[in-house]
Amino acid sequence: MAINVNDVVQRYRLQLRQIWNGCFYVEPELRDWDAVDAFRRLQLPLFNALVAHPLGLEPADQVFGKGFRVIPNHSSGFHSIQVNSRRTSILSEGGTYNVLNGPFKAEDIQFTLVDFLDWRPMSYIDLQYYVVMIDRVSGREDQVGQHALIEVADATVDWVEPD
């Protein structure tokens, strides 16, 4: 059974955004890759406190992952997604994201939430994208196993107990 956990996920997203924008980026001497790395190290403890604990999950060793599903807000589905063209898609190594036109309806897809993304990590951030792993997409099986970007405003997050 799917449980809507969007409010918990958004609270975590907004706190990450506030910490970076209000504590790191406002200090000019913290506008470097060391600060970005320090910020990224804060994400897991915050995830455990703001997401895993309120949902009654065991402390995680990574943010999100199996069980966190991104689904479209609208019955028409996602009009398009941005898919990492790099094979094999490795999140930490970046990539080039190309638009893949849909529609992609909820019943035709399965996307696992992996992280948030902002294109400019050393600027003010909004974290406007969900980074997802494509687990299933009908008619585009060649995309399974790739990372994709979904606009946060176009989606909601559900928790489904992993098999």
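Residues in the stretch 106-123 carry Karplus couplings, in order, of 3, 6, 9, 9, 8, 10, 9, 5, 10, 5, 10, 9, 10, 5, 10, x, 10, 9 Hz; the curve used is 6.51 cos²θ - 1.76 cosθ + 1.60 with θ = phi - 60°, and Gly or Pro positions show x.
Note on the chain: GNM, Cα springs under 10 Å; of Val63, Val152, Val144, the largest mean-square fluctuation is that of Val144. Considering only Arg13, Arg41, Arg69, the mean-square fluctuation computed in a Gaussian network model of the chain, springs between alpha carbons under 10 angstrom, is largest for Arg41. Annotation note: chymotrypsin sites (Phe, Trp or Tyr not before Pro) in the stretch 31-125 located in DSSP loop regions with a Cβ neighbour count of at most 16 within 10 Å are Trp119, Tyr124. Over every Cα atom in the stretch 89-163, the radius of gyration and the widest Cα-Cα span, Dmax, amount to 12.9, 39 Å. Rounded to the nearest 500, the helix-only mean residue ellipticity at 222 nm of the chain stands at -6000 deg cm²/dmol, with each DSSP H run of n ≥ 4 adding -39,500 (n - 2.57).
Fewest neighbouring Cβ atoms within 10 Å first, the residues Leu14, Leu113, Leu149 line up as Leu14, Leu149, Leu113. Build a GNM of the chain with springs between Cα atoms under 10 Å apart, and of Val114, Val131, Val99 the one that fluctuates most is Val99. Put simply, the convex hull of the Cα atoms in the stretch 3-159 casts, on average, a shadow of 9.0 nm². Computed over the chain, relative contact order equals 29 percent, with contacts defined as Cα pairs under 8 Å that lie 6+ residues apart.
Values in this text are rule-based calculations from the coordinates and carry no lab data. Quick caveat, the model's predicted, so the values are computed rather than measured. Backbone-built Cβ (ideal geometry, glycine too); neighbour counts: all protein chains shown.
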